[in-house]
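**Q** Starting off with a structure, shown below.
The values are calculated or read from the model by the stated rules, or taken from the named source; none is laboratory data. This one's a predicted model, so the numbers in the text were calculated from it and none came from an experiment. Glycine also receives a Cβ, built like all others from the backbone with ideal geometry; neighbour counts cover every protein chain displayed.
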Amino acid sequence: MFKRILVTGGAGFIGSHMVDLLLERGYQVRVFDNLEPQVHGEAAGIPDYLAREAEFVRGDVRDRAALMKALDGCDAVIHDAAMVGVGQSQYQVMRYADANVGGTANLLDILVTEKTSVQRLLVASSMSLYGEGMYRRPSDGAALFPQLRPDAQLAKRDFEMRDPVSGEVLEAAPTPEEKPLHCTSVYALTKKDQEEYALLVGRAHKIPVIACRYFNVYGPRQSLSNPYTGVAAIFSSRIKNGKAPLIYEDGKQSRDFINVRDLVEAKLFLLENPAANHAAYNLCTGKSTSVADIARHLARLMNHPELEPEIPMSYRSGDIRHCIGDPSKVASLGWKARINVEDGLRELVKWSESVEAVDAVDKAHRELVAFGLVKE
């Protein structure tokens, strides 16, 4: 179907695994990446883990000339380039909007105004655009789509999602793609914009587009020195440096953790499937794991079971309580996740043993407090 595929952000955590799988399946691959210092370090060169069989082009998705050159001769694009980090996005608004929305708009503008050979576009979206996940009311089983918990409730350290009328604690339920979207961070809004721009432009110009809503992705190559990446990597960095993982709220908030190898297999499955065009898909497992359980699993696997999570009961502005994905839409096409959390974390820990980890969590926490985004 395709011969050469461009992967923007292909030197990053998810992108590099995507590159590996594409090469394994016989595709020619071109990587376009600016080697963002926050991810790769200040003196970043091409990371050692990036497959040398892939053609590498250094550049920024906001640079029209560079991106046009990278697109030359490519049949499909997997657009993973983005600034990532919910908390940081709240006080670096221009940086996130420019990179995520501006970069995607630049790519789409090229696809509709220039002569390219691109036949399909897969864009990285995020579960963050849901805000809170779907819930059910225990008393009658009614499905509810609540927004953020009131500040007055959080100030009492009452963290569970409650029915606004009866006050009963709601139960988290699998969140389908049809749930109303409610962005609670600048990062989430930029991902929503990326997705909607891509799907809208794709439909208007008959360019097949697929949006992949990533849930909580973890695995080898996730930066252990970026305090705004996923919690599994952040916790690993803390434990590796002999410090207890720092957790906001009470640690019982839950997420859907998907291994990066499962994620990229799902992406390629969708890219190769014409039935998937012009739609958004949850890439998730459908299984719930608490944030505190992830921290404890990692501490045990890293031989530091004594490093119990540090839970000061502080909370962050815009944080959600529970969001578990409903994988039935992609499952109806024939794909489902295979790797359980325990096995996936074991793989992450093994990789982390040979990787430097600069723990910057305390610095990031101070920044959030300074901007009034953490309530202690």
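**Q** Can you tell me which of V330, V369, V361 is at pLDDT 95 or above and either β-branched (V, I, T) or surrounded by fewer than 19 Cβ atoms within 10 Å (Cβ to Cβ) (or both)? Break it down into steps so the answer makes sense when it comes.
**A** Details: V369 fails: at pLDDT 95 or above; V361 fails: at pLDDT 95 or above.
Result: V330 is the single residue among V330, V369, V361 that is at pLDDT 95 or above and either β-branched (V, I, T) or surrounded by fewer than 19 Cβ atoms within 10 Å (Cβ to Cβ) (or both).
**Q** Any residue in segment 28-42 that's under 26 Å from F2 (Cα atoms): show its pairings with residues that are hydroxyl-bearing (S, T, Y) at Cβ separation under 8 Å, as long as the two are six or more apart or on different chains.
**A** From segment 28-42, the pairs are F32/T8; D33/T8.
**Q** Within segment 104-119, track down each residue that is within 24 Å of A188 (Cα to Cα), out of contact with any Lys or Arg (no Cβ under 9 Å at 6 or more places or on another chain) and either modelled with pLDDT under 95 or not hydrophobic (A, V, I, L, M, F, W, C) (or both).
**A** Hit for segment 104-119 is T104, nothing else.
**Q** Follow-up question, since we're still on this one. What number of residues within segment 265-280 satisfy the criterion of being in contact with a Gly (Cβ under 9 Å, 6 or more places away or on another chain) and crowded, with 24+ Cβ neighbours inside 10 Å?
**A** First, pick out the residues of segment 265-280 that are in contact with a Gly (Cβ under 9 Å, 6 or more places away or on another chain): 269, 273, 277-278.
Filter again for crowded, with 24+ Cβ neighbours inside 10 Å, leaving none.
Here the count works out to 0.
**Q** For segment 107-136, which positions are under 18 Å from G325 (Cα atoms) and surrounded by fewer than 18 Cβ atoms within 10 Å (Cβ to Cβ)?
**A** R136
**Q** How do the helices (runs of 4 or more DSSP H) wholly within segment 17-134 filter down when requiring 2 or more residues that are farther than 22 Å from C284 by Cα and among the basic types (K, R): which remain? Walk me through it before giving the result.
**A** Details: elements: 37-40, 64-71, 86-89, 93-96, 103-113.
Per the criteria, 64-71.
**Q** Among the numbered criteria (1) surrounded by fewer than 20 Cβ atoms within 10 Å (Cβ to Cβ); (2) closer than 16 Å to Y214 by Cβ; (3) over 15 Å from the mean Cα position of the chain (by Cα), which single criterion is violated by Q147?
**A** (2)
**Q** Identify, by number, the condition in (1) in contact with a Leu (Cβ under 6 Å, 6 or more places away or on another chain); (2) part of a loop (DSSP other than H, G, I, E, B); (3) not β-branched (V, I, T) that A299 doesn't meet.
**A** (2)
**Q** Scan segment 3-16 for residues that are under 14 Å from the mean Cα position of the chain (by Cα) and either of a type in the set (A, V, I, L, M) or within 17 Å of D48 (Cβ to Cβ) (or both) and report the count.
**A** As a first pass, look at segment 3-16 and keep what is under 14 Å from the mean Cα position of the chain (by Cα): 9, 12-15.
Checking the rest, the ones that are also either of a type in the set (A, V, I, L, M) or within 17 Å of D48 (Cβ to Cβ) (or both) come to 12-15.
Residues in segment 3-16 being under 14 Å from the mean Cα position of the chain (by Cα) and either of a type in the set (A, V, I, L, M) or within 17 Å of D48 (Cβ to Cβ) (or both): 4 in total.
**Q** Scan segment 223-246 for residues that are over 16 Å from the mean Cα position of the chain (by Cα), buried (at least 23 other Cβ atoms within 10 Å of the Cβ) and in a loop (DSSP other than H, G, I, E, B) and jot them down.
**A** P245
**Q** On to the next question. Considering each of E347, E376, E353, E367 in turn, give the residue that is without any contact (Cβ under 8 Å) to a residue 12 or more places away in the chain and not aromatic (F, W, Y). Show your work before the answer.
**A** Values: E347 fails: without any contact (Cβ under 8 Å) to a residue 12 or more places away in the chain; E376 fails: without any contact (Cβ under 8 Å) to a residue 12 or more places away in the chain; E367 fails: without any contact (Cβ under 8 Å) to a residue 12 or more places away in the chain.
Exactly one of E347, E376, E353, E367 is without any contact (Cβ under 8 Å) to a residue 12 or more places away in the chain and not aromatic (F, W, Y), namely E353.
**Q** Go through segment 276-292 residue by residue and tally those that are within 16 Å of I247 (Cβ to Cβ) and either among the polar types (S, T, N, Q) or without any contact (Cβ under 8 Å) to a residue 40 or more places away in the chain (or both). Please lay out each step first, then the result.
**A** Step one: filter segment 276-292 for residues within 16 Å of I247 (Cβ to Cβ), giving 289-292.
With the extra rule that they be either among the polar types (S, T, N, Q) or without any contact (Cβ under 8 Å) to a residue 40 or more places away in the chain (or both), the set shrinks to 289-290.
Matching residues across segment 276-292 total 2.
**Q** Now for a different question. Suppose we filter segment 200-222 for residues that are under 14 Å from the mean Cα position of the chain (by Cα) and either under 22 Å from E177 (Cα atoms) or of a type in the set (D, E) (or both); how many remain?
**A** Counting residues in segment 200-222 that are under 14 Å from the mean Cα position of the chain (by Cα) and either under 22 Å from E177 (Cα atoms) or of a type in the set (D, E) (or both) gives 8.
**Q** For segment 317-342, what are the residues that are in a helix (DSSP H, G or I) and touching a residue at least 40 places away in the same chain (Cβ under 8 Å)?
**A** Pass one, segment 317-342, residues in a helix (DSSP H, G or I): 328-331, 341-342.
Passing the criteria: S328, K329, V330, V341, E342.
**Q** Does R338 fit the bill of being among the basic types (K, R) and over 16 Å from I258 (Cβ atoms)? Show your work before the answer.
**A** Details: among the basic types (K, R): yes; over 16 Å from I258 (Cβ atoms): no.
So R338 does not fit the description; no.
**Q** Do you know which residues across segment 308-323 are of a type in the set (A, V, I, L, M, F, W, C) and either surrounded by fewer than 20 Cβ atoms within 10 Å (Cβ to Cβ) or farther than 16 Å from H182 by Cβ (or both)? It would help to see each step written out before you state the result.
**A** Pass one, segment 308-323, residues of a type in the set (A, V, I, L, M, F, W, C): 311, 313, 320, 323.
I311, M313, listed by residue number.
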